[in-house]
Amino acid sequence: LVRCAPENFLGRLAALLKDSPALHFRARDAPLLAGLYTAFGPAPLGWQAASLLANLAAAWAGALILAEYGVGPRAAALGAVFALSYPNKDAVLFWPMSVIIPASWALFLLATLAHLDWVKRGRKASLAASALLVVLSLSLYDQSMFQFLAWLALPERAEGEARGRSRTGLAAAAAAVGAVLFYRLVFVRLVFGLAYNKQFVLSPLNAAVVA
């Protein structure tokens, strides 16, 4: 489709949204894909490079999170390798268009890092960054919709003033998720006339298995 679109970014973006209206629900998917095609065309190398960079960003963020807990450089590097073994990895490496998946995961890990900085050091900029990064992550893919709840398990949340900051950070993340859901379930329907095309299925058994 993008190959047949007009020879500019906006033309390809419009063509993607016209052919695949569901892209409206994840606001950054179409701009990212149209941008990559504008930069690299149908040649796979550039797409693979973008996917590799997204995966490396996720690994780097994972290593930084471990460093926040005092993990040494070698162990943090090993953690980065584990971050690269995220379940969708096979599809990500061989299907270039799914660069959205590791990019979303990397943004969520960076959100976690910003949340940690807010809880431990009280920097308001980090609080804002964590909420913004959650929104950006979910605007690419859905995998991290409720993963911010894992922040409840962070050790720092129960220590003195950090306890209050942890609650504030969780509330900010919840507000970010709420804003994304409002955009998908209400805004897109009102503005573009599209009903949300997926179901929310909450499975206690699946949650227990994942845990």
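The values are calculated or read from the model by the stated rules, or taken from the named source; none is laboratory data. Because the structure is predicted, anything quoted here is derived from the model rather than measured. Heads up, the Cβs are rebuilt from the backbone with ideal geometry, glycines too, and the neighbour counts pull from every protein chain shown. For the accessible areas, the whole protein counts, side chains as well, though only heavy atoms, and no ligand, DNA or RNA atoms are used. Shrake-Rupley method; radii C 1.70, N 1.55, O 1.52, S 1.80 Å.
Quick notes on this one:
- Once region 160-185 is narrowed to residues that are exposed (fewer than 12 other Cβ atoms within 10 Å of the Cβ) and at pLDDT below 90, the residue that is farthest from the chain's Cα centre (by Cα) is 160.
- Meets criteria (at pLDDT 85 or above and surrounded by fewer than 18 Cβ atoms within 10 Å (Cβ to Cβ)) for residue 77: yes
- Answer from 72, 11 - the residue that is at pLDDT 85 or above and surrounded by fewer than 19 Cβ atoms within 10 Å (Cβ to Cβ): 72
- In this entry, residue 39 passes the filter for residues that are surrounded by fewer than 16 Cβ atoms within 10 Å (Cβ to Cβ) and touching a helix residue (DSSP H, G or I) at 6+ places or on another chain (Cβ under 8 Å).
- Hey, residue 30 over 28 Å from residue 188 (Cα atoms) and buried (at least 18 other Cβ atoms within 10 Å of the Cβ) or not: no
- Selection within region 132-144 - modelled with pLDDT of 90 or more and open to solvent by less than 20 Å² (accessible area, probe 1.4 Å): 134, 137, 138, 139, 140
- Put simply, of 194, 185, 107 the only residue that is farther than 22 Å from residue 67 by Cα and in a helix (DSSP H, G or I) is 185.
- Output for region 80-101, where each listed residue is part of a helix (DSSP H, G or I), modelled with pLDDT of 65 or more and either of a type in the set (Phe, Trp, Tyr) or open to solvent by 50 Å² or more (accessible area, probe 1.4 Å) (or both): 81, 82, 97
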